[in-house]
1. Give the Rg/Rh ratio for region 137-182, taking Rg as the radius of gyration of the Cα atoms and Rh as the Kirkwood radius, to two decimals.
2. To test your reading of the geometry: what angle, between 0 and 90 degrees and rounded to tens, separates the Cα axis of helix 131-147 from the longest principal axis of the chain?
3. Can you give the FRET efficiency for ALA103 and ASP136, using 1/(1 + (r/R0)^6), R0 = 22 Å, r = Cβ-Cβ distance, to the nearest 0.05?
4. Quick check: residue separation of LEU151 and ASP92 times 0.36 nm, minus the Cα distance between them. What number comes out in nm?
5. Once you list every other residue whose beta carbon is under 14 Å from the beta carbon of ALA245, what net charge do they have if Lys and Arg are +1 and Asp and Glu are -1?
6. Students often check this: by mean Cβ neighbours within 10 Å, which of 92-101, 13-22, 50-59 ranks highest, and how do the rest follow?
7. Quick one: grab the alpha carbon gyration tensor of region 1-95, order the square roots of its eigenvalues as a ≥ b ≥ c, and give me rounded if a/c is under 1.5, else prolate or oblate depending on whether a/b is larger than b/c.
8. Based only on the alpha carbon positions, what is the Kirkwood hydrodynamic radius of region 62-203, in angstrom?
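Please treat every number below as a calculation from the coordinates, not as lab data. Please read all numbers here as calculations on a predicted model, not as lab measurements. Because the Cβ atoms are built from the backbone with ideal geometry, glycine has one as well, and the counts that use them run over all protein chains shown.
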Amino acid sequence: MGYLRYVAVGDSQTEGLNDGDEVTGYRGWADRLAEGLAALEPDFRFANLAVRGRVAAQVRAEQLAPALALRPDLVTVMAGMNDMVRPGFSADAVTAELEAMYAAFTGAGAQVVTFTFPDVARIAPLVRHLRPRVIDFNARIVDAAERHGVLVVDTFHHPVTVDPRLWSTDRIHATPLGHARIAAAVAHTLGLPGSDASWADPLPALPPPRVWAKVGREAAWVGAFLGPWMLRRIRGRSSGDGRTAKRPSLSKVS
């Protein structure tokens, strides 16, 4: 079927961080998907309500009602990573927030697509202690999605999703190539014309990194990204403070 009204909700990944910049603006996988959908339907409209730094409860509280008001026939829900990396993470509570959104959107007649998360231990080895949490949370997402007829882009089981070329130096946000792969994965999950499973194809092999180079990269990541992130948590700050959605209403894709 064709989709005419697509609304994306979520956090920084859906906002499109690191696929562009603060000066030129961010594109991101949801915008890339919208571009493909617009090519199929001349009357297609798109809204992106995602805001960086939002946890699942904030996505539900701030984005669910505005999204429903736009009467979408397609919704993507990507949220939970900002919760999962925090101390005190409750899988039950976060899954409940996601499931409430699944229920509301499918109850309104929209086709919903959601996501599991890749193996963070292979993306950022210093947070490998989170791997069991990711596996458990992914299983909960799949179960909740099945209860509501939500389609799932299951990233965990595809090795390409941990390829460093798909991730920015912060190891949190996708590169332009990563965003393109996510958009292609959603298109394939929806069965859109011209889509296929090639989004999961591996990239050409890289030479094995030298040990000291790996150590240097880990130290640089701690100093440039992990440390500042922890400092914001201590101060009760968020990267999304004061920010609003970049595409709050349905409009044509230019």
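1. Working: Rg = 12.8 Å, Rh = 11.9 Å.
With Rg and the Kirkwood Rh in hand, the quotient comes to 1.07.
2. For helix 131-147, the angle is close to 10 degrees.
3. The pair ALA103/ASP136 has a calculated efficiency of 0.55.
4. Gain in length upon complete extension: 19.2 nm.
5. Counting the neighbours of ALA245, the net charge comes to +1.
6. Per-residue mean Cβ counts within 10 Å order the peptides as 50-59, 13-22, 92-101.
7. In terms of gyration-tensor shape, oblate.
8. 15.9 Å
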